[in-house]
Amino acid sequence: AETGFRTQNPESNEVEERFDYISDAEVEQALAAAHQEYRSWSARPMSERVEIARRIADTFEEQRGELAEIISTEMGKPLNEAKAEIWTCVSIFRYYADNGPELAADKVIKHEGGFKAVLQSRPLGALLGIMPWNFPFYQIARFAAPNLILGNTILLKHAETCPQSGLAVERVFREAGLPDGAYQNVFITHDQVEPIIADARIQGVSLTGSERAGAAVAEIAGRHLKKVVLELGGSDAHIYLNADDARAAAQKAFGKRMYNMGQACTSNKRLLVAEHLYDDFLDEVTRAAGELVPGNPLKPAEGNYYPLSSEAAAVRLNEQIQRAVDQGATLHAGGGRPDQPGAYVEPTVLSGITEEMDAYHEELFGPVVMVYKVKNAEEALAIANSSPYGLGGAVFSSDRDEAQAAAEQLETGMTNVNVGGSEAADMPFGGVKRSGMGRELGPLGMDEFVNKRLLYIN
Ligand code: NDP
C-alpha cells in the first residue's frame, strides 16, 4: 500500500500529488515558533483573537466551493457533503467568536472565607493536534476554534491522505490574519510525534481517530505527563421500540448510515429493531441499499454512493464484511465491491449478527447496515451497552416517555431520544469507554486545554 503524505483520489486510486516529511530541524523550528508566538498571541486582548476567528469563518464561507473540491478529491465524499462540512466550520468559528469571551470569563466562586475567589480560564500554551481524514476540515475546526480564541497555539498533524486539506486550512487561517506561529501544519512521521509531545514547549495533545492511534498517543502523553483529549471510534446503537411507520423510520436510518459513506464516528452502525417492526424495517433498508449506484464525488448528481476514503479502507471493510458472512451473518444486500476502479464498497445490509462474530464487537467504518432483532427495550439495551464503545446512541418510539426511559440507560456520551443525532457547534461531543475522553464543541470544548486558575484575593 502507498504511504507518505499524498493526495490519492479514491475515485480512481491515482496518486495526484506527494508531499515530503519535514526534517527534525524543521520540527524544532515549528516548536520554537509555536512557543514564541504563544507569548504574544495569548497576551493580546481576547477581542482581537475573536476578530480573527470571525474572519476565519468569513474566509471559509467565501472559499467553500474550492475548499470542498479539495475534500472530495482527497477523501472521496460527494461535493455537496464537502460543502456542508465547510459550512459546519463556519458555524464553529462563529459560535466560539460569539460565545468564547463569556465562556472564558472570570467566574466568582461562592466562598465562606471572607476573601474573594475567582475562577479563571487561562490558556496553556502550544498544543499538538492529530486529525483524521473522515472530516478533514471539521475535525480541525472543532479543536482549533476554541483553543485559538483561548490563546493557545497549535501544531497540526493531519492524516497522510489529506495533505492538501491540511495546507488549505493553514492558508485560510493566515489569510484571515492569524499569525504564522499560532497555527502550523506539520507533515511529520509517527516517529516525530513522540519528541514533539515530550517537548517542554508542548502542553497537550488532541487526537481524533482509531482506538489504536489513540492508545499509542495517550501512552506517549502519559509518559511525558501531558494532557490528552481523545475522540475515538464508536459503534452507535439506534434502538427502535415503536414506530407509526417502520418503513419511514428505516429510510431515515439508512440515510444517516450512508452519510459520509458511513465513515463517521457517530454513524448509526447498529440498528436494534423491535420484533413487530423488524420485517418491514429490514425489507426497507435492503431495498434502499439495492437501489444505489456508484458515482463520482466531484459530480454527485450522477450517482448516489461514493468511494471510501482510501483503497486501504475499502480493503479493510470488505474483509470485515466477508468475515461476518463466513462467521454466519446473513447478507441481504451488497457484500462486495463494484467492478470498477476506485475505493468503492457496495452498500451492504447484514442481519443475524451474534456475540461470537467479530462484527458484533468491531467498528464497521463504511456503508454497512447491521440490523438486529430485539424482543424489548431490555434486550436492546443489553446489546447496545455490550459494545466496548460508548460514543452516541438513540432510542426511538412513538411513546416518547418509553424512549427516554430507555435512552437514559445507554452508556454513551451522547444520548438521543427520537432524533438521529445532535451534532452542532453548540452541542458538546465526546464519548465514554473506548470511545475516548474529553469533550469538543459547545461550552465544554473550551474547557479542555485551559488552566482553570484560582485567583484568591484578600
Ligand atoms: P488512524 O487512527 O490511524 O488515523 C487518524 C490519525 O491518527 C491520522 O492523522 C494518523 O496519521 C494518526 N495516527 C495513527 N497512528 C498514529 C500513531 N501511532 N502515532 C501518531 N499518529 C498516529 O485511522 P485509520 O485511517 O487507520 O482508520 C482506521 C479506523 O479508525 C477506521 O476504520 C475507523 O474505525 C477509525 N477512525 C475513526 C475516526 C473517528 O472519527 N472516530 C476517524 C478515523 C478513523 P497517519 O495518517 O499518518 O497514519
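Counting only DSSP beta bridges with both residues in the chain, tell me the antiparallel percent, nearest 5. Please report the intermediate quantities before stating the final value.
Values: 25 of 65 bridges.
Percent antiparallel among DSSP bridges in the chain is about 40.
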task = Output the Cα-based Rg and Dmax of the chain in Å, rounding Rg to one decimal and Dmax to a whole number.
result = 22.6, 76
request  = Would you mind checking LYS110/LYS227; LYS227/LYS299; LYS116/LYS433; LYS77/LYS226; LYS83/LYS373 for any pair whose Cα atoms are more than 32 angstrom apart?
outcome  = LYS227/LYS299; LYS116/LYS433; LYS77/LYS226; LYS83/LYS373
inquiry  = Over the Cα atoms of segment 1-65, each weighted equally, I'd like the Debye log10 I(q)/I(0) at q = 0.13, 0.23 Å⁻¹, rounded to two decimals.
reply    = -0.73, -0.93
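Using alpha carbons only, what's the Rg to Rh ratio of segment 58-113 with Rh from Kirkwood? Working shown, then result.
Values: Rg = 18.2 Å, Rh = 13.5 Å.
Dividing the radius of gyration by the Kirkwood radius yields 1.35.
Could you sort 267-273, 74-80, 310-316 so that the peptide with the highest average Cβ count within 10 Å comes first and the rest follow in order?
Numbers: 267-273: 27.0, 74-80: 25.1, 310-316: 18.7.
Per-residue mean Cβ counts within 10 Å order the peptides as 267-273, 74-80, 310-316.
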query = Which three lengths, in whole Å and largest first, does segment 263-348 cover when its Cα atoms are put on their principal axes?
reply = 41, 30, 26
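A short reminder: the numbers here are calculations on the coordinates, not readings from a lab. What you see is a predicted model, and the numbers here were worked out from it, not measured in a lab. Neighbour counts run over all protein chains shown; Cβ positions are idealised from the backbone, glycine included.
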